[in-house]
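Worksheet for the structure shown next.
Here, each number is a calculation from the coordinates, and none is a lab measurement. What you see is a predicted model, and the numbers here were worked out from it, not measured in a lab. In this analysis, Cβ positions are derived from the backbone assuming ideal geometry, glycine residues included, and neighbour counts consider all displayed protein chains.
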């Protein structure tokens with residue numbers, strides 16, 4: 001990648017030329033995606049990991065600060081209606097293509113990305129692949145079965161909401177007045193001691209991923225319990241009727257408050 005003496009100084013005396021950072025107006029979404037794929041070295045190299053075992057396709061955005069006349073690069077992605085971003089640093093090549101490529105290199109250097117397997121599968125076996133493909137952030141079958149039983153008992157609740165607006169943790173079923181938060185955990189993503197089977201491909205990545213999820217689960221229980229919430233965790237393999245009895249007892253005030261109940 002070559003630079004001119006002017007660009008290596010960050011265009012201190014003039015505004016960066018459009019060719020160095022601005023995309024061509026009127027391009028289709030397919031053209032924009034293709035540009036990002038080329039700069040990243042392939043679509044499979046544009047993946048970021050989210051919480052709860054989810055993934056997103058990232059893009060690099062180039063912006064110019066009028067006050068400094070410098071190009072800043074950001075890694076952006078979409079997550080449940082929000083657009084998180086990570087600052088990657090300043091770039092100062094003469095072309096947008098070169099600046100995008102350098103920004104992707106920096107994202108990799110910062111450990112923000114990893115490669116998606118070329119066959120499109122994250123799993124090492126058909127069984128694990130089926131679990132991952134069926135993973136949903138809400139309205140899973142175990143959740144729906146549990147909610148149906150709780151509704152039949154006359155209990156009313158909120159679905160997929162934060163028990164505490166200030167805490168970025170979403171519970172599957174929430175009883176605000178009773179201060180009871182229910183999390184229905186998938187056996188794979190949350191490391192069920194009975195049914196979890198470790199992946200054999202990218203084993204370290206997946207082991208770290210599951211451990212991170214388990215640590216986050218424990219932290220969520222602790223933080224909510226500290227402010228008076230009862231946290232109930234239900235494994236997807238649990239008998240829904242038994243799980244409903246545990247939840248009902250907590251909501252109706254049977255047993256202690258401000259606890260974190262681990263799934264059986």
Next item on the list: Starting from the Cα gyration tensor of the range 203-251, take the square roots of the eigenvalues, sort them a ≥ b ≥ c, and report rounded, prolate or oblate (rounded when a/c is under 1.5, otherwise prolate if a/b is larger than b/c, else oblate).
Entry: oblate
Next item on the list: Could you please rank 74, 157, placing first whichever residue has the fewest other Cβ atoms within 10 Å of its Cβ?
Entry: 74, 157
Notebook entry, point to check: Taking 0.36 nm per intervening residue step and subtracting the Cα-Cα distance, what contour gain separates residue 82 from residue 195 on full extension?
Noted result: 37.4 nm
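Length gain on complete extension for the stretch residue 33 to residue 63, per 0.36 nm per residue less the alpha carbon to alpha carbon distance?
Details: separation 30, 0.36 × 30 = 10.80 nm, distance 1.77 nm.
Residue separation times 0.36 nm, minus the Cα-Cα distance, leaves 9.0 nm.
Order of 164, 88 from fewest to most other C-beta atoms within 10 Å? Show your work: numbers first, answer last.
Numbers: 164 13, 88 22.
By the 10 Å Cβ count, ascending: 164, 88.
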Next item on the list: Using packing as a proxy for protection, rank 63-70, 238-245 so that the peptide with the highest average count of other Cβ atoms within 10 Å comes first.
Entry: 238-245, 63-70
Next item on the list: List the relative contact order of the range 5-109 as a percent without decimals, with contacts defined as Cα pairs under 8 Å and 6+ residues apart.
Entry: 30
Note to self: Using a 7 Å offset from Cα along Cα-Cβ at residue 90, what residues in the range 14-49 end up with backbone N under 17 Å from the label point?
What the structure shows: 14-17, 20-21
Check: Which distance in nm do the two modelled labels at residue 242 and residue 24 give, with both placed 7 Å along the Cα-to-Cβ direction?
Finding: 6.3
Notebook entry, point to check: Order of 18, 217 from fewest to most other C-beta atoms within 10 Å?
Noted result: 18, 217
